[in-house]
Amino acid sequence: MTKIILNQREPGMNPNSDELARVILERIGLNPRKSGATDKMHRTLLELYERSKEATKEKDPKKSVMTVEEMGYFAGISRQTMYDYLKRWLDLNLITKTSFIDNQKVVIGYKLNGNTLETAFEKSMVHIKNNMELTLKYIGELQKIIKNEKISQHQQGRKFEEEIMG
């Protein structure tokens, strides 16, 4: 199970794309949690977007795909470390795993879960909303179970009293 940590960071006045990408990743819990791990994770998000735009423009879906090695390169981390971070990206439904054949070789990589950052994020929002709605149903069920348990305990207490008194 992945833990997603949402933050309330705000951009400064007139942010550039790097700063805003950093803020977005921090707000949705995709920044590295260890201090000093990498401050370049946002570059992976920006590159995913650029590749998605190019793929759409050239009508070549392969161009939107990044391998884990490439993602790690943009983030300034090793391939193995990037694998550790990928789980959160996938759990949020921001990116999807994909594969294609290139020169008779299977290439496995990841791409934005939409043609734009906005559509990918909207899919993440739906994913999170569905999780919250299911959690709300669990909360309603929990309240019902607690109420029934208390009623049952109360009735058992009465039966016990009747047996002792009776």
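Rank these residues by their accessible area, most exposed first, probe 1.4 Å: Lys129, Lys53.
From most exposed to least exposed: Lys129, Lys53.
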Check your understanding: For all pairs of alpha-carbon atoms in the stretch 28-166, what percent lies in each bin of width 10 Å, listed from the first bin to the last filled one?
Key -> 11, 29, 22, 11, 8, 8, 6, 3, 1
Practice item. Report the residue, chosen from Leu45, Leu25, Leu112, that carries the largest GNM mean-square fluctuation when the chain is represented by alpha-carbon nodes joined by springs under 10 Å. Key: Leu25
Review point. To the nearest 20 debye, what is the magnitude of the charge dipole of the stretch 68-166 about its Cα centre, counting +1 on the Cβ of each Lys and Arg and -1 on the Cβ of each Asp and Glu?
Key: 100 debye
Revision key, fill the gap. Per residue, accessible area of the stretch 115-166 with a 1.4 Å probe, heavy atoms of protein chains only, in Å², comes to 95 Å²
Study note, to complete from the structure: Over the stretch 48-100, with neighbouring protein chains present, the accessible area per residue in Å² at probe 1.4 Å is 54 Å²
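Can you compute the charge dipole magnitude of the stretch 1-144 about its Cα centre, using +1 on each Lys and Arg Cβ and -1 on each Asp and Glu Cβ, nothing else charged? Give it in debye, rounded to the nearest 20.
Computed charge dipole of the stretch 1-144: roughly 360 debye.
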Exercise for review: Quote the accessible area belonging to Met132 in square angstrom, nearest 10, computed with a 1.4 Å probe and with ligands, DNA and RNA left uncounted.
Suggested key: 120 Å²
Practice item. Could you give log10 I(q)/I(0) at q = 0.17, 0.24 Å⁻¹ for the stretch 1-97, computed by the Debye formula over C-alpha point scatterers of equal weight, without solvent? Key: -0.78, -1.38
**Study point:** Cα-based equivalent ellipsoid of the stretch 94-166: semi-axis lengths in Å, sorted from largest, via gyration tensor
**Key:** 57, 16, 4
Revision key, fill the gap. Carbon plus sulfur, as percent of the 1.4 Å-probe accessible area of the chain, comes to 53 percent
**Study point:** Vicinal HN-Hα couplings computed from phi for the stretch 6-17 (Karplus, 6.51 cos²θ - 1.76 cosθ + 1.60; Hz; Gly/Pro x)
**Key:** 8, 10, 9, 4, 10, x, x, 5, 6, x, 8, 5
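For every other residue with a beta carbon closer than 13 angstrom to the beta carbon of Thr119, add +1 if it is Lys or Arg and -1 if Asp or Glu, then tell me the sum.
+1
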Practice item. Choose one answer from Thr44, Thr135, Thr119: the residue with the largest mean-square fluctuation in a GNM of the chain with alpha-carbon springs under 10 Å. Key: Thr135
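The values are calculated or read from the model by the stated rules, or taken from the named source; none is laboratory data. Quick caveat, the model's predicted, so the values are computed rather than measured. We place every Cβ from the backbone using ideal geometry, glycine too, and count neighbours over all the protein chains shown. The area values use the complete protein model at the heavy-atom level, side chains included, leaving out ligands, DNA and RNA. Shrake-Rupley method; radii C 1.70, N 1.55, O 1.52, S 1.80 Å.
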